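The values are calculated or read from the model by the stated rules, or taken from the named source; none is laboratory data. Predicted, not measured: the structure shown is a model, and the values here were computed from it. Please note: Cβ atoms are built from the backbone with ideal geometry, for glycine as well, and neighbour counts cover all protein chains shown.
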Amino acid sequence: MSRWEPNARGRLEEAAYELFLGRGYDQTTVADIAKRAGLTERTFFRHYADKREVLFGGAGALHDELLRALDEVSPELPPIEAVRIAVETISALMHGRRQLARERRRIIAAHPDLQERDLNKRSSLTGALEAGLRRRGVAESAASLAAEMGIAVFYSGFDRWLDDPAERELTEIVHERFDELKAVAAGAGSRNNDTGR
């Protein structure tokens, strides 16, 4: 157990991922996870509602940090810039978790019900960001569009980060993706059409 984090939540998370990947998600029980972590089932349920939540337990922290970061952005900034800062802030939470995120992707990809839960998480983040923008006085349609674009950029960057051969940080990749979005919005994406390519 020496390679596990000393805290119960971290130990449960690592034990669950090992079992999900080695034995299979469906074949792994809460009792199996607790035993592998050297903890009790009661301790498991103090941290997670069920085994599925091991894969999604960080959603609440991501949601809270997104709104906190948005609230700290100057009200003078345009909505998309406020979104950019907030999304780059939550991207920093992924530091040191690339391998775990890759394993999580493999587990979720094999189970449609987990894929649905992942889509719900994405929708929840988008809704939270939109609500945060509206609290800042952004009109409903603009808030919706900015939130949708911001979360799309985050997930696009996240997918690229998982497979990035240079192993760059997610924050750097997300920043780059926002720059690409800005270039497309400015018309740079239409140049290939102009040259016939």
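Details
- Output for region 32-48, where each listed residue is out of contact with any Asp or Glu (no Cβ under 6 Å at 6 or more places or on another chain) and in a helix (DSSP H, G or I): ASP32, ILE33, LYS35, ARG36, ALA37, GLU41, ARG42, THR43, PHE44, PHE45, ARG46, HIS47
- Residues in region 41-74 that are acidic (Asp, Glu) and in contact with a Leu (Cβ under 8 Å, 6 or more places away or on another chain): GLU65 alone.
- Selection from region 57-76 of residues that are hydrophobic (A, V, I, L, M, F, W, C) and either touching a Lys or Arg at 6+ places or on another chain (Cβ under 6 Å) or at pLDDT 95 or above (or both): ALA59, LEU66, LEU67, ALA69, LEU70, VAL73
Okay, residues lined up against (1) of a type in the set (Lys, Arg); (2) closer than 24 Å to HIS95 by Cβ; (3) not assigned by TED's automatic domain parsing to the domain that holds LEU119:
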site	(1), (2), (3)
ALA16	no, yes, yes
GLN27	no, no, yes
ALA31	no, no, yes
LEU39	no, no, yes
PHE45	no, no, yes
TYR48	no, yes, yes
ASP64	no, yes, no
ASP71	no, yes, no
PRO79	no, no, no
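- The residues on offer are LEU170, LEU162, and the sole one that is touching a Lys or Arg at 6+ places or on another chain (Cβ under 7 Å) and under 17 Å from LEU100 (Cβ atoms) is LEU162.
- For region 102-141, taking the residues that are basic (Lys, Arg) and under 17 Å from the mean Cα position of the chain (by Cα), the one that is surrounded by the most Cβ atoms within 10 Å (Cβ to Cβ) is identified as ARG104.
- So GLU180, is it assigned to a helix (DSSP H, G or I) and in contact (Cβ under 8 Å) with a residue 24 or more places away in the chain: no
- Annotation note: Cβ proximity below 9 Å between a residue of region 145-174 that is in contact (Cβ under 8 Å) with a residue 12 or more places away in the chain and outside the structural domain of PRO79 (by TED's automatic domain parsing) and a residue that is assigned to a helix (DSSP H, G or I) and charged (D, E, K, R) (sequence gap 6+ or interchain) occurs for no pair.
- Yes/no for GLU41 being of a type in the set (Asp, Glu) and at pLDDT below 95: no
- One residue alone among SER144, SER156 is surrounded by fewer than 18 Cβ atoms within 10 Å (Cβ to Cβ), within 14 Å of ALA82 (Cα to Cα) and hydroxyl-bearing (Ser, Thr, Tyr), and that residue is SER144.
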